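Encoded as structure tokens, here's the structure I'll be asking about.
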Amino acid sequence: MTDLVAGSSPDLFYRYIGVAGFLLYVTVYSCLCLRILSSESIRYFVCNTFAASLVLISLSNEFNLASALIQIFWIVLGVIGITLRILHRWQDTLYTRR
């Protein structure tokens, strides 16, 4: 716990951002496992994308290539998932209006 609070103010900011991303990842995954959240929902992809973005921001302070690549992968996949679901909803509304 001392590692989390030790350091300068900018370092603390990045650490807390990374921890917030981690907590969001864990919360979203727990909600998915407990069937509180569906993997088909846009909310799932938005939360995962936001969590990956937070962790990626934290990596700008202490860079790790492998971790950065994983976060970029999650962000790209999340954006694709969000886009597909928005397009699917849009198509559904077009077909129901006819």
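We did not get these values from a lab; they are worked out from the coordinates using the rules stated. The structure displayed is predicted, hence computed values, not measured ones. Cβ atoms come from the backbone with ideal geometry, glycine included; neighbour counts cover every protein chain shown.
Through the Karplus equation 6.51 cos²θ - 1.76 cosθ + 1.60, θ set to phi - 60°, convert the phi angles of region 77-90 into ³J(HN,Hα) values in whole Hz; use x for Gly and Pro.
The phi angles translate into 5, x, 5, 4, x, 5, 4, 4, 6, 5, 4, 5, 5, 5 Hz.
Next question, about the same structure. Using amide H atoms built 1.01 Å from N in the peptide plane, name the residues 5+ places from L37, or on other chains, whose amide H lies under 5 Å from its own.
L32
Could I ask something else about it? Count neighbours as other Cβ atoms within 10 Å of each site's Cβ, and list the chymotrypsin sites (Phe, Trp or Tyr not before Pro) in the chain that are DSSP loop with at most 11 such neighbours. The partial results should precede the final answer.
Numbers: sites: F13, Y14, Y16, F22, Y25, Y29, Y44, F45, F50, F63, F73, W74, W90, Y95; in loops: F63.
For chymotrypsin sites (Phe, Trp or Tyr not before Pro) across the chain that sit outside H, G, I, E and B with at most 11 neighbouring Cβ atoms in 10 Å, the list reads F63.
Also, I was wondering about something else. Give me L87, L37, L59 sorted ascending by neighbouring Cβ count inside 10 Å, so fewest comes first.
L87, L37, L59
For T93, T49, what ranking results if the residue with the fewest other Cβ atoms within 10 Å of its Cβ goes first?
T93, T49
Specify the angular offset, from 0 to 90 degrees and rounded to the nearest 10, of the alpha carbon long axis of helix 9-33 from the longest principal axis of the alpha carbons in the chain.
40 degrees
With the crude spin-label approximation of a point 7 Å out along Cα→Cβ, what separation in nm comes out for N61 versus L23?
1.5 nm
Using 0.36 nm per residue, how much length does the chain from L77 to S8 gain when fully extended, once their Cα-Cα distance is taken away?
Stretched fully, the L77-S8 segment lengthens by 21.5 nm.
By what distance, in whole Å, do the Cα atoms of the chain stretch along each of the three principal axes, largest value first?
Each principal axis gives a Cα extent; for the chain these are 61, 27, 22 Å.
Measure nothing but the geometry: give the 0 to 90° angle between the long axis through the Cα atoms of 42-59 and the longest principal axis through the Cα atoms of the chain, rounded to 10°.
Helix 42-59 sits at roughly 20 degrees to that axis.
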